[in-house]
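The values are calculated or read from the model by the stated rules, or taken from the named source; none is laboratory data. None of the values given here were measured: they were computed from a predicted structure. For neighbour counting, all protein chains shown are included, and Cβ atoms are generated from backbone atoms with ideal geometry for every residue, glycine included.
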Amino acid sequence: MKYPVYLDYNATTPCHPAVLEEMLPFFSEHFGNPSSGQHPFGWVAEEAVEVARERVAGLIGAAPKEIIFTSGATEAINLALRGAVVGLKSKGNHLITIETEHKAVLDTVQVLEKQGFEVTYLPVQTDGAVSLDLLKKSIRAQTVLVAVMLANNETGYLHPLKEMAAIARDQGVLFFTDAVQAVGKVPVNVKALDIDMLALSGHKMYGPKGVGALYLRKSKPGITLESQITGGGQETGRRSGTLNVPGIVGLGKAAEIAGQEYMSDGLRLGELRDKLEKKLLAIPGARLNGTPESRLPHVSNISFSGVPGKQFLIRINKHLAVSSGSACSSISDKPSHVLRAMGLDSETAIATLRLSLGKSTSEKEVDFASDFIKKTHQKLKNGSL
C-alpha cells in the first residue's frame, strides 16, 4: 500500500488509463486545428471534437448541439451566470442562489451584485437542505435566474433539483446547476430534471484538467447567452478560442467510461464509505455533517471535537491525503463556509475531514485510514502528540 493514501477524489481524480491513451495521438499525430476546415488535419480534429460532444451529451441526456466546451467548470459557471443575465436585464435584475454553493458561483454572483444585480442567498438547514417553500417565496417578478448545485462538494448532499427547477419553471425563471461533483457519479439527466443550464468538469470524473462543458438547453425560448470570451467565434459564437482538442477528447472518453461504470462504482464505494464512516463515528465527539439519506455514495464529511483542527489535519495528512473542505478554498485558514452555513461553529468546522473515495480506493486503505484517524485523534486529545 502506497502512502499517503489518497482520499480526496472530490478535489480531483487521476486520468483513467483509457482516457490518457485516447488523448495522446492528439498532441502529436492528430495535431490539427478543428477550425481548419480546408484540409484533413482539421477534419480529423473536428470529428474527434464532435465524437466527444456526443459522448458528453449522452452522459447527461442532452443533445450534442446543447454542449459548449470550456476550459473547465469555473469558466462554464461564469459563462452561464454572466452570459445569461445580460440578455435578461430587460426582464429583471434579481438572482437566487444558496449559501453553500461553490465559490465559483458565489464569487461570480457577488461580482454581478457590484454591477447592479440583486442576489438572494437562501440559507440552509442543519443537514444542508433548502426549504422549497422559501425558494418559492423568494422568487419575484424581477427574478431571472436560480442557481443551485446538484451535489455539494463538501458534504455530498444531493439537492432535490427536479422539484426546485419546477418551482423556477412555473415562474418563468431560468434554472442553472453546478453539477461538477454529481456528473459521472450518480444518474444525471437534464431532460428529467428539466433544467436550463448545467456545468461539468473533466478532472472530477477521471478526465484531464483544463476542460469542462456547459449544457445549454436549446428548446428553451429566450435564452440568450452572451459570450464572455470573444475572438474567433468558436462553439457557435459562445466561447471563442482554439479548442483544446486533446482535453476535449479526454473529457469525451471519461464521459463514456463514467456512463458504463458509475453504477457499479457507486455500489462498491458506498459500501466502503459506510464501513469507514461507521468506525469514525464511533470516536467520541465525532459527528456526521449532512444526511445519510440523500448524498453522493463516495463522500463522508465528519467533524471531530476535542482536538485543534489545524494540527489535526496536518498530522492526518502525513499519511492520508484528505481535506477539510473545498480544494479551491484550502489556501485559506478560514472555516468552511458550507459548514458554517449549516450551523457549525468555527472551531468545529476547522476540525472536520472531508473523505472522498474513488476507483482505486481499496478496503485495505479504508481500514488503514479509519485506524490512523482514530489513533491520531486520541493522541492529540491526550496531548501526547
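Remark: residue 73 matches the filter, which requires a residue to be buried (at least 23 other Cβ atoms within 10 Å of the Cβ) and at pLDDT 95 or above. Kindly check whether there is at least one residue in region 243-256 that is part of a helix (DSSP H, G or I) and in contact with a strand residue (DSSP E or B) (Cβ under 6 Å, 6 or more places away or on another chain). For region 243-256, residues part of a helix (DSSP H, G or I) and in contact with a strand residue (DSSP E or B) (Cβ under 6 Å, 6 or more places away or on another chain): present. Select from region 133-161 the residues that are part of a strand (DSSP E or B) and either among the aliphatic types (A, V, I, L, M) or exposed (fewer than 14 other Cβ atoms within 10 Å of the Cβ) (or both) and list them in ascending order. Answer for region 133-161, where residues must be part of a strand (DSSP E or B) and either among the aliphatic types (A, V, I, L, M) or exposed (fewer than 14 other Cβ atoms within 10 Å of the Cβ) (or both): 144, 145, 146, 147, 151, 158. At pLDDT 95 or above, assigned to a loop (DSSP other than H, G, I, E, B), under 12 Å from the mean Cα position of the chain (by Cα) and under 30 Å from residue 322 (Cα atoms), is that true of residue 177? Against the criterion (at pLDDT 95 or above, assigned to a loop (DSSP other than H, G, I, E, B), under 12 Å from the mean Cα position of the chain (by Cα) and under 30 Å from residue 322 (Cα atoms)), residue 177 does not qualify. Whenever a residue of region 101-117 is over 12 Å from residue 85 (Cα atoms), its partners that are surrounded by fewer than 22 Cβ atoms within 10 Å (Cβ to Cβ) and of a type in the set (Gly, Ala, Ser), lying with C-beta atoms within less than 7 angstrom and at least six residues away or across chains, give the pairs 102/326; 103/326; 103/329. Could you grab me the full set of residues in region 86-114 that are of a type in the set (S, T, N, Q), farther than 30 Å from residue 289 by Cα and touching a helix residue (DSSP H, G or I) at 6+ places or on another chain (Cβ under 9 Å)? Within region 86-114, just 93 meets the criteria. Give region 1-58 a look and list any residue that's assigned to a loop (DSSP other than H, G, I, E, B), surrounded by 15 or more Cβ atoms within 10 Å (Cβ to Cβ) and of a type in the set (Phe, Trp, Tyr), or say none. Result: 9, single match.
Contact annotation: residue pairs with Cβ atoms under 8 Å, 6 or more positions apart or on different chains, pairing a residue in region 121-136 that is farther than 20 Å from residue 103 by Cβ with a partner that is assigned to a strand (DSSP E or B), are 127/157; 129/157; 131/122; 134/122; 135/96; 135/122; 135/146.
So in region 86-132, with the set limited to residues that are part of a loop (DSSP other than H, G, I, E, B) and of a type in the set (A, V, I, L, M, F, W, C), which one is farthest from residue 157 (Cα to Cα)? This residue is 88. Scanning region 219-236 finds no residues that are at pLDDT 95 or above, part of a loop (DSSP other than H, G, I, E, B) and buried (at least 16 other Cβ atoms within 10 Å of the Cβ).
Taking the listed residues 277, 256, the one that is acidic (Asp, Glu) and either out of contact with any helix residue (DSSP H, G or I) (no Cβ under 9 Å at 6 or more places or on another chain) or under 30 Å from residue 381 (Cα atoms) (or both) is 277, with no other qualifying. All conditions but one from (1) surrounded by 20 or more Cβ atoms within 10 Å (Cβ to Cβ); (2) closer than 24 Å to residue 102 by Cα; (3) modelled with pLDDT of 95 or more apply to residue 361; the one that does not is (2). Every test in (1) touching an Asp or Glu at 6+ places or on another chain (Cβ under 6 Å); (2) crowded, with 16+ Cβ neighbours inside 10 Å is passed by residue 211 save one, and that test is (1).
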